[in-house]
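Colleague: Dropping a structure here in structure tokens format, bear with me for questions.
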Amino acid sequence: MLDLLVLGSGIAGLSAAIRAADAGLKVTVLTKGALSNTATNYAQGGVAAALSEPDSPALHRADTLDAGGGLCDIEAVDVLVREGPRRVRDLMALGAEFDRAAIDGELELAREGGHSLARVVHAGGDATGAEIERALVAALDDHPGIEARERWFTVDLILEGGAVVGVTTIAPDGTLQEVRARNVLLATGGAGQLFAVTTNPPVSTGDGIAMAYRAGAAIADIEFMQFHPTALDVALMPRPLLSEALRGEGAVLRDENGEAFMQAEHPLGDLAPRDVVARAITRRLVARNLAHLFLDATAISDFAQRFPTVARAARAAGLDPESDLLPVAPAAHYLSGGICTDLDGATTLPGLWACGEVACSGVHGANRLASNSLLDGLVFAPRAVEAILDGRREPRATGVLRGVLSAVSRQNPNAADMRVSDSSVGGSITLGSLQRAMTFGAGVLRDAGSLTGVLDVLPLSLPAETPAQYELNNLVTVARTLVAAALRREESRGTHTRLDFTEQSTALLGRFIHLNGYETSFVPLVTHSQPPADVLLTDSKRLSTEVV
Ligand code: SIN
């Protein structure tokens, strides 16, 4: 019997697999595409971590919490910022090569939106994810303790006695097969394919979230889909990303008249948190009936050397980033919510673990801080493996699960309420019409009318036999939870902007939890005791970095 079955081969999945196999566990990695066909591979900006002075975990914590709209789990953020630097060094020891200054060989640090100083390590200029994926796949290939199976499509989790004991999959030859394991770790990434315009690869179809939901795991914060403000507006999918690091190097957003507008929107101007920038652009696009605004990167010197990926994408579109304004519009980029986990990646189902974008560990709250996503996978995957090595199977009441576990145990099976689901049983939908409905009704700006319009066209579930049909069904499941929570969240917070409820509501400081068969329920945020001194930001520390 396998000790650990990992689903997904991005930074979270491969980090977990390598660490578990290093510790002597018998590990298999299943992925529905090729090993490197992951969102990690597309990541440009980098990995945020407080690696050197004047940065500190305390500052990284403060920026993460500021971006998160009041909904971060503080315990989880403390783990992220304290363990982040060590995990980045582990990645370097494994072979990932980050960019270094020619003069002193020190790591080059970039600044991105919402960060109070430069703390983002990058590789190949703007090809950070590709370098990390390369290093992890190379380490996996060299590891005798890991079996990697490509093009195995996982259909569902197998439950026995309330615990997860494996998965059913469609093997490359089309047969349905079971793969059993003592522990199953979901690292299947996000659900950008919910929307017509996304930076995510076609594999991002919410499979892990949907199968965990069907099996009875609690999921939360799904309404917080993050839209990257600056995707290049060309007819390509995924949309080429124009990294936030461009604005860190001096690029400026301009409207259709060439006017810079971000200084009027936020004290950090073009480096405001991502939700603020995406909203500022979208409001202008809607009010002026435009398809895009512009990113002016002409002030960046050595463009092709510092941003080779962006330079290639721009040139392919007939644009020269050193002289042309680049057309940009927001695109679905990252799901801040997912499967609820404790501080060690344990879900509410024994034997089931989740890490990376598929998980809701609470580190991102209502809006993920730029370049905290690769770090999330890097930090929480090894924690899950340590817990498995300790023989744990049950979740603990830590992190997000402090509030969620008691809410889950309070659910009365006799009171199952399918209110959210029963309106359109038996309907059908195509991928294109789902994406159009979500883009129009549940995008950057939403209101009750637009969200109800999506619900009206969403079927409860679809018949499925092929991987593509299962993927569509999974997207429908995630869409239903996203819209249900977005309707209930009658406020604007983080990446969730309601045109009919424009303010934050203190009554809604908490998470909407989805449990299969039950009405979406609200769990107030659990307040934590005073954090450890090393991550506590004093006023003097904050002031000293604001001038950096
Ligand atoms: C970017 O490079 O702008 C994207 C980085 C991220 O998604 O955090």
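The values are calculated or read from the model by the stated rules, or taken from the named source; none is laboratory data. Quantities reported herein were computed from a predicted structural model and do not represent experimental measurements. Counting neighbours? That spans all protein chains shown, and the Cβs are built from the backbone with ideal geometry, glycine included. The area values use the complete protein model at the heavy-atom level, side chains included, leaving out ligands, DNA and RNA. Shrake-Rupley method; radii C 1.70, N 1.55, O 1.52, S 1.80 Å.
Colleague: Identify, please: which residue in the stretch 289-339 is β-branched (Val, Ile, Thr) and open to solvent by less than 20 Å² (accessible area, probe 1.4 Å) and is, among those, nearest to Asp233 (Cα to Cα)?
Modeller: Narrowing the stretch 289-339 to residues β-branched (Val, Ile, Thr): 298, 300, 309-310, 328, 339.
Retained after the next criterion (residues that are open to solvent by less than 20 Å² (accessible area, probe 1.4 Å)): 300, 310, 328, 339.
On the way: Ile300: 20, Val310: 13, Val328: 5, Ile339: 32 Å.
Here the answer is Val328.
Colleague: Do you know which residues across the stretch 22-38 are out of contact with any helix residue (DSSP H, G or I) (no Cβ under 8 Å at 6 or more places or on another chain) and within 20 Å of Leu352 (Cβ to Cβ)?
Modeller: Of everything in the stretch 22-38, those that are out of contact with any helix residue (DSSP H, G or I) (no Cβ under 8 Å at 6 or more places or on another chain) and within 20 Å of Leu352 (Cβ to Cβ) turn out to be Lys26, Thr28, Leu30.
Colleague: Right, something else. Among Ser373, Ser409, which is the only one that is small (Gly, Ala, Ser), open to solvent by 10 Å² or more (accessible area, probe 1.4 Å) and away from the ligand (no atom under 16 Å from the Cβ)?
Modeller: Sole residue among the options that is small (Gly, Ala, Ser), open to solvent by 10 Å² or more (accessible area, probe 1.4 Å) and away from the ligand (no atom under 16 Å from the Cβ): Ser409.
Colleague: Among residues belonging to the stretch 26-49 that are away from the ligand (no atom under 16 Å from the Cβ) and surrounded by 20 or more Cβ atoms within 10 Å (Cβ to Cβ), point out the one that is farthest from Val77 (Cα to Cα).
Modeller: It comes out as Lys32.
Colleague: Check Val400, Val363 and return the single one that is within 16 Å of the ligand (Cβ to nearest atom), at pLDDT 95 or above and open to solvent by less than 30 Å² (accessible area, probe 1.4 Å).
Modeller: Among Val400, Val363, only Val363 is within 16 Å of the ligand (Cβ to nearest atom), at pLDDT 95 or above and open to solvent by less than 30 Å² (accessible area, probe 1.4 Å).
Colleague: Turning to a different aspect of this structure: Restricting to the stretch 206-235, name every residue that is within 16 Å of the ligand (Cβ to nearest atom) and either open to solvent by less than 10 Å² (accessible area, probe 1.4 Å) or aromatic (Phe, Trp, Tyr) (or both).
Modeller: Answer for the stretch 206-235, where residues must be within 16 Å of the ligand (Cβ to nearest atom) and either open to solvent by less than 10 Å² (accessible area, probe 1.4 Å) or aromatic (Phe, Trp, Tyr) (or both): Phe224, Met225, Gln226, Phe227, His228, Pro229, Thr230, Ala231, Leu232.
Colleague: Which ones in the stretch 117-134 are over 18 Å from Asp302 (Cβ atoms) and surrounded by fewer than 19 Cβ atoms within 10 Å (Cβ to Cβ)?
Modeller: Leu117, Ala130, Arg134
Colleague: Keeping to the stretch 236-272, report how many residues are open to solvent by less than 30 Å² (accessible area, probe 1.4 Å), away from the ligand (no atom under 16 Å from the Cβ) and acidic (Asp, Glu).
Modeller: Summing the residues that are open to solvent by less than 30 Å² (accessible area, probe 1.4 Å), away from the ligand (no atom under 16 Å from the Cβ) and acidic (Asp, Glu) in the stretch 236-272 gives 1.
Colleague: Kindly indicate whether Ile132 is aliphatic (A, V, I, L, M) and in contact with a helix residue (DSSP H, G or I) (Cβ under 7 Å, 6 or more places away or on another chain).
Modeller: yes
Colleague: Could you tell me which residue of the stretch 106-116 is surrounded by the fewest Cβ atoms within 10 Å (Cβ to Cβ), considering only residues that are part of a loop (DSSP other than H, G, I, E, B) and away from the ligand (no atom under 12 Å from the Cβ)?
Modeller: Applying the filter and picking the extreme gives Glu106.
Colleague: Additional query: Consider Ala138 against the criteria (1) touching a residue at least 60 places away in the same chain (Cβ under 8 Å); (2) away from the ligand (no atom under 14 Å from the Cβ): it satisfies all of them except one. Which criterion is unmet?
Modeller: Among (1) touching a residue at least 60 places away in the same chain (Cβ under 8 Å); (2) away from the ligand (no atom under 14 Å from the Cβ), Ala138 violates only (1).
Colleague: Which one is least open to solvent (accessible area, probe 1.4 Å) among residues in the stretch 505-524 that are within 18 Å of Gly365 (Cα to Cα) and aromatic (Phe, Trp, Tyr)?
Modeller: Step by step, filter the stretch 505-524, then rank; the result is Phe512.
Colleague: Restricting to the stretch 152-180, count the residues that are in contact with a Gly (Cβ under 7 Å, 6 or more places away or on another chain) and not aliphatic (A, V, I, L, M).
Modeller: Within the stretch 152-180, residues that are in contact with a Gly (Cβ under 7 Å, 6 or more places away or on another chain) and not aliphatic (A, V, I, L, M) number 2.
Colleague: Ala354 - would you say it is touching a residue at least 60 places away in the same chain (Cβ under 8 Å) and either among the hydroxyl-bearing types (Ser, Thr, Tyr) or away from the ligand (no atom under 16 Å from the Cβ) (or both)?
Modeller: Criteria met by Ala354.
Colleague: While we're on this one: Kindly evaluate Pro144 against the criterion of being at pLDDT below 95, over 20 Å from Glu97 (Cα atoms) and exposed (fewer than 15 other Cβ atoms within 10 Å of the Cβ).
Modeller: Values: at pLDDT below 95: yes; over 20 Å from Glu97 (Cα atoms): yes; exposed (fewer than 15 other Cβ atoms within 10 Å of the Cβ): yes.
Considered against the rule, which asks whether it is at pLDDT below 95, over 20 Å from Glu97 (Cα atoms) and exposed (fewer than 15 other Cβ atoms within 10 Å of the Cβ), Pro144 comes out as yes.
Colleague: Limited to the stretch 214-229, what total is found for residues that are assigned to a loop (DSSP other than H, G, I, E, B) and farther than 24 Å from Ile281 by Cα?
Modeller: Number satisfying all stated conditions: 3.
Colleague: Looking at Asp63, Asp73, Asp90, which is the one that is within 16 Å of the ligand (Cβ to nearest atom) and of a type in the set (Asp, Glu)?
Modeller: Just one listed residue meets the conditions, Asp63.
Colleague: Out of the stretch 267-323, which residues are part of a helix (DSSP H, G or I) and among the β-branched types (Val, Ile, Thr)?
Modeller: Listed by number, the residues that qualify are Val276, Val277, Ile281, Thr282, Val286, Thr309, Val310.
Colleague: Taking Ala311 as meeting all but one of (1) hydrophobic (A, V, I, L, M, F, W, C); (2) touching a residue at least 40 places away in the same chain (Cβ under 8 Å); (3) within 15 Å of the ligand (Cβ to nearest atom), write down the number of the exception.
Modeller: Ala311 satisfies all of (1) hydrophobic (A, V, I, L, M, F, W, C); (2) touching a residue at least 40 places away in the same chain (Cβ under 8 Å); (3) within 15 Å of the ligand (Cβ to nearest atom) except (2).
Colleague: Follow-up question, since we're still on this one. In the stretch 148-201, which residue that is without any contact (Cβ under 8 Å) to a residue 24 or more places away in the chain and assigned to a loop (DSSP other than H, G, I, E, B) is surrounded by the most Cβ atoms within 10 Å (Cβ to Cβ)?
Modeller: Ala171
Colleague: In the stretch 350-371, is there at least one residue being more than 21 Å from His228 (Cα to Cα) and among the aliphatic types (A, V, I, L, M)?
Modeller: Looking for residues that are more than 21 Å from His228 (Cα to Cα) and among the aliphatic types (A, V, I, L, M), one finds at least one in the stretch 350-371, hence yes.
Colleague: Suppose the filter is modelled with pLDDT of 95 or more and open to solvent by 10 Å² or more (accessible area, probe 1.4 Å); does Thr497 pass it?
Modeller: No: the conditions fail for Thr497.
Colleague: Shifting gears a bit: List the residue pairs whose Cβ atoms are under 9 Å apart, where the first residue sits in the stretch 230-259 and is over 20 Å from Gly318 (Cα atoms) and in a helix (DSSP H, G or I), the second is more than 10 Å from the ligand (Cβ to nearest atom) and open to solvent by 30 Å² or more (accessible area, probe 1.4 Å), and the two are 6 or more positions apart or on different chains.
Modeller: If the second residue must be more than 10 Å from the ligand (Cβ to nearest atom) and open to solvent by 30 Å² or more (accessible area, probe 1.4 Å), the pairs left are Glu244/Arg111; Ala245/Arg111; Ala245/Arg306; Arg247/Arg111; Gly248/Arg111; Gly248/Ala118.
Colleague: Return yes or no: is Gly443 at pLDDT 95 or above, of a type in the set (Gly, Ala, Ser), surrounded by 14 or more Cβ atoms within 10 Å (Cβ to Cβ) and in a loop (DSSP other than H, G, I, E, B)? Working first, answer last.
Modeller: On the way: at pLDDT 95 or above: yes; of a type in the set (Gly, Ala, Ser): yes; surrounded by 14 or more Cβ atoms within 10 Å (Cβ to Cβ): yes; in a loop (DSSP other than H, G, I, E, B): yes.
In short, yes.
Colleague: Here's something else I'd like to know. Restricting the search to the stretch 450-494, which residues are open to solvent by less than 10 Å² (accessible area, probe 1.4 Å) and free of Cβ contacts under 8 Å to residues at least 40 places away in the same chain?
Modeller: Matches in the stretch 450-494: Leu451, Val454, Leu458, Pro459, Glu491.
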